[in-house]
Amino acid sequence: MNNNKLVPIGVLNKTHGIKGEFKAFLYNIDSNTLVPGILIWLKIYEKYQSYKIKSIRGIIKKLIIKLEDINSIEDSKMLLNKTIYVSRDDFPEIDKGFYFNDIIGFHIRDNKNNLYGTLKDVIIIGTTEILLVDYLKKEVLVPNVKEFVKLFDFENKQIIINNFEQFLK
């Protein structure tokens, strides 16, 4: 597995029952990535190990996951508090838009083609998406609204932000 394609999507945060099930916390409550049969990856002793989801039930904030070959509470304890990774190739197709992790690392430019850094992350605050830009080892926050963000250029891996200087104050 190419580790560069692994995307963190949540954490196995508690055991559930005695048959090796887990309660999971997902970073994106709207995610529908985890389904029975999908491989998840957990980092154990600095190596990624895959596990197939046998079953999944509950609602997103109270998700219960059963992994194949994990059949007791003793087996599950070694996986407790591990980050859940999924291969980007296994993400469901979406009709419009894109996944935020697809734009992480894009160059940030203004409408005059000046380079200002790279996109470090996308943060959701309430209903607002905020672009976290790494600029000269500082973090700059830019609301993802049409007034400021002019273009997501996937071909050139860049985001055009109108008047970026206003966010440096």
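The values are calculated or read from the model by the stated rules, or taken from the named source; none is laboratory data. All of these numbers come straight from a predicted model, not from anything done at the bench. All Cβ positions, glycine included, derive from the backbone under ideal geometry; neighbour counts span all protein chains shown.
Points worth noting:
- Check on I53, crowded, with 16+ Cβ neighbours inside 10 Å, at pLDDT 90 or above, out of contact with any Ser or Thr (no Cβ under 9 Å at 6 or more places or on another chain) and not polar (S, T, N, Q): yes
- Residue match in the range 141-148 (condition: basic (K, R) and farther than 25 Å from L12 by Cα): yes
- So D90, is it within 30 Å of I125 (Cα to Cα), of a type in the set (D, E) and in contact with a Leu (Cβ under 9 Å, 6 or more places away or on another chain): yes
- Every residue from the range 68-89 that is within 21 Å of the chain's Cα centre (by Cα) and within 14 Å of K14 (Cβ to Cβ): L79, L80, N81, K82, I84
- Taken over the range 83-101, the criterion of being over 16 Å from I130 (Cα atoms), hydrophobic (A, V, I, L, M, F, W, C) and free of Cβ contacts under 8 Å to residues at least 40 places away in the same chain is satisfied by I94 alone.
- Residue identified as over 15 Å from the mean Cα position of the chain (by Cα) and without any contact (Cβ under 8 Å) to a residue 60 or more places away in the chain among I65, I104, I123: I65
- The residue list K146, K157, K120, K150 contains one member that is loosely packed, with under 11 Cβ neighbours inside 10 Å, at pLDDT 90 or above and outside the structural domain of L34 (by TED's automatic domain parsing), which is K146.
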